[in-house]
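In what follows, a structure is listed as structure tokens, so that the remarks can point back to it.
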């Protein structure tokens, strides 16, 4: 379990797929990108599953149903069922069900994934602020969501109806680039009403709770590519995490990470599930990993030695995070990262 201020990535003498019973995997940037499987994802996940690790796919995207997500994964060569998928729509539906009467109406601003999750909790999705809803919920509705849906939400919220959001990610990746996410849509209603929603998705506790309840994980490992959702969600849940460098996080962002954004482990891709993680040792004022030693100077991070780029990055993280303590490292690491090709 993650405790206190992390000052360096941890080592593991055992493959992570053996040290943890369940991998809680983000999707975009981890398993696939632009609808296609990321390199090594299919084989790595297959090997981890064959070795006894449970795989659960955890997404903040509330648009698609678990069945649809599982179908996409299976098409990519990653066998999955609806029970293997946990969405922010499910997390927010549980949150709403705990606060409104059984069978209550809920005004939906979003897609089918949200409606299915509400019905699973015995709630009734409705379309208008005039349908006497007990709650309003927003989830990502895709690029074709009509503008009038935001008006319906605003009318109801202004009347005092409790407002919920599946997540507040401002952007979402698409095949053509970065598009506005549900957080951008939430901002529209926030501006119109001055209200604040209750939010369920990563990195907040309701999403972690939903995931643990549905998987029964005893030793979960969060696997993600985003510091501010995946890794922070693991931090908030008090569990360990693996950051893979196949998505949005680069080396500079990792070195500057404050405590809540520091992963337990760092690896290039999902092959990291199948291996141990090297130990980082302190040597004088520096930190050694593999053939590299990193130190924090007056204004920059220094790197000496040679070896694999990931070992150098892990050593730099130890130096940067130790120097920063409970803050964010401001030392210049550009030259050292360039040396690693990162």
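Bear in mind these aren't lab numbers, they're just calculated from the coordinates by the rules spelled out. Quick caveat, the model's predicted, so the values are computed rather than measured. In this analysis, Cβ positions are derived from the backbone assuming ideal geometry, glycine residues included, and neighbour counts consider all displayed protein chains.
Which value at 222 nm does the chain reach when only helices count, each DSSP H run of 4 or more adding -39,500 (n - 2.57), with the total divided by all residues and rounded to the nearest 500 deg cm²/dmol?
On the way: 12 runs with 110 residues, N = 342.
Mean residue ellipticity at 222 nm (helix-derived): -9000 deg cm²/dmol.
Assign one of three labels to the range 220-275, namely rounded, prolate or oblate, based on the Cα gyration tensor with a ≥ b ≥ c the square roots of its eigenvalues; rounded applies when a/c is under 1.5, prolate when it is not and a/b is larger than b/c, and oblate otherwise.
Details: a/c = 1.85, a/b = 1.08, b/c = 1.72.
Judged from the Cα gyration tensor, the range 220-275 comes out oblate (a/c at least 1.5, b/c at or above a/b).
Multiply the residue separation of residue 124 and residue 192 by 0.36 nm, subtract the distance between their alpha-carbon atoms, and state the gained length in nm to one decimal. Present the calculation step by step, with values, prior to reporting the outcome.
Details: separation 68, 0.36 × 68 = 24.48 nm, distance 2.52 nm.
Here the segment from residue 124 to residue 192 would lengthen by 22.0 nm.
What angle, in degrees between 0 and 90 and rounded to the nearest 10, separates the Cα long axis of helix 148-158 from the longest principal axis of the Cα atoms of the chain?
80
Working from Cα positions, state the angle (0 to 90°, nearest 10) between the long axis of helix 88-97 and the longest principal axis of the chain.
Tilt relative to the chain: about 50 degrees.
Defining a contact as two alpha carbons under 8 Å apart and six or more residues distant in sequence, what relative contact order in percent does the range 281-339 show? Before the final figure, lay out the partial values.
Numbers: 94 pairs, mean separation 18.3, N = 59.
It rounds to 31 percent for the range 281-339.
How much length would be gained if the chain were fully extended between residue 21 and residue 283, taking 0.36 nm per residue of separation minus their Cα-Cα distance, in nm to one decimal? Can you show the working numbers first?
Values: separation 262, 0.36 × 262 = 94.32 nm, distance 3.35 nm.
Additional length available on full extension: 91.0 nm.
Ranking request for peptides 86-94, 319-327, 216-224: highest mean number of other beta-carbon atoms within 10 Å first, then the rest in descending order. Could you put the intermediate results ahead of the total?
Working: 86-94: 28.8, 319-327: 19.2, 216-224: 20.9.
Peptide ranking by packing, descending: 86-94, 216-224, 319-327.
On a 0 to 90 degree scale, rounded to 10, what angle separates helix 41-50 from the longest Cα axis of the chain?
90
What is the fewest-to-most order of 244, 108 by other Cβ atoms lying within 10 Å of their Cβ?
Numbers: 244 29, 108 26.
If I rank by nearby Cβ atoms, fewest first, I get 108, 244.
Hey, rough spin-label estimate for residue 40 and residue 328, points 7 angstrom out along Cα→Cβ, what's it come to in nanometres?
Inter-label distance under the simple model: 2.9 nm.
In vacuo Debye scattering of the range 5-82, one point per C-alpha: log10 I(q)/I(0) at q = 0.16, 0.17, 0.18 Å⁻¹?
-0.65, -0.72, -0.79
In terms of the ratio Rg/(2.2 N^0.38 Å) built on C-alpha atoms, what value belongs to the range 281-339? Before the final figure, lay out each step's value.
Working: Rg = 10.2 Å, N = 59, 2.2 N^0.38 = 10.4 Å.
Working it through for the range 281-339, the quotient is 0.98.
If you rank 311, 131, 267, 306 by fewest surrounding Cβ atoms within 10 Å, what's the result?
Details: 311 20, 131 14, 267 23, 306 11.
Ordered from fewest to most neighbouring Cβ atoms within 10 Å, 311, 131, 267, 306 come out as 306, 131, 311, 267.
Show me the three semi-axes of the equivalent ellipsoid for the range 89-199, from the C-alpha gyration tensor (sqrt of 5 times each eigenvalue), largest first, rounded to whole Å. Could the numbers behind the result be given before it?
On the way: eigenvalues 91, 50, 28 Å².
Calculated on Cα positions only, the semi-axes equal 21, 16, 12 Å.
Which FRET efficiency value, to the nearest 0.05, do you get for residue 338 and residue 68 by plugging their Cβ-Cβ distance into 1/(1 + (r/R0)^6) with R0 = 30 Å? Write down the numbers at each step before the final one.
Working: r = 42 Å, r/R0 = 1.39.
Calculated value: 0.10.
Work out, step by step, the length gained on full extension between residue 50 and residue 99: first 0.36 nm times the residue separation, then minus their alpha carbon distance; give nm to one decimal.
Values: separation 49, 0.36 × 49 = 17.64 nm, distance 4.06 nm.
Computed gain between residue 50 and residue 99 is 13.6 nm.
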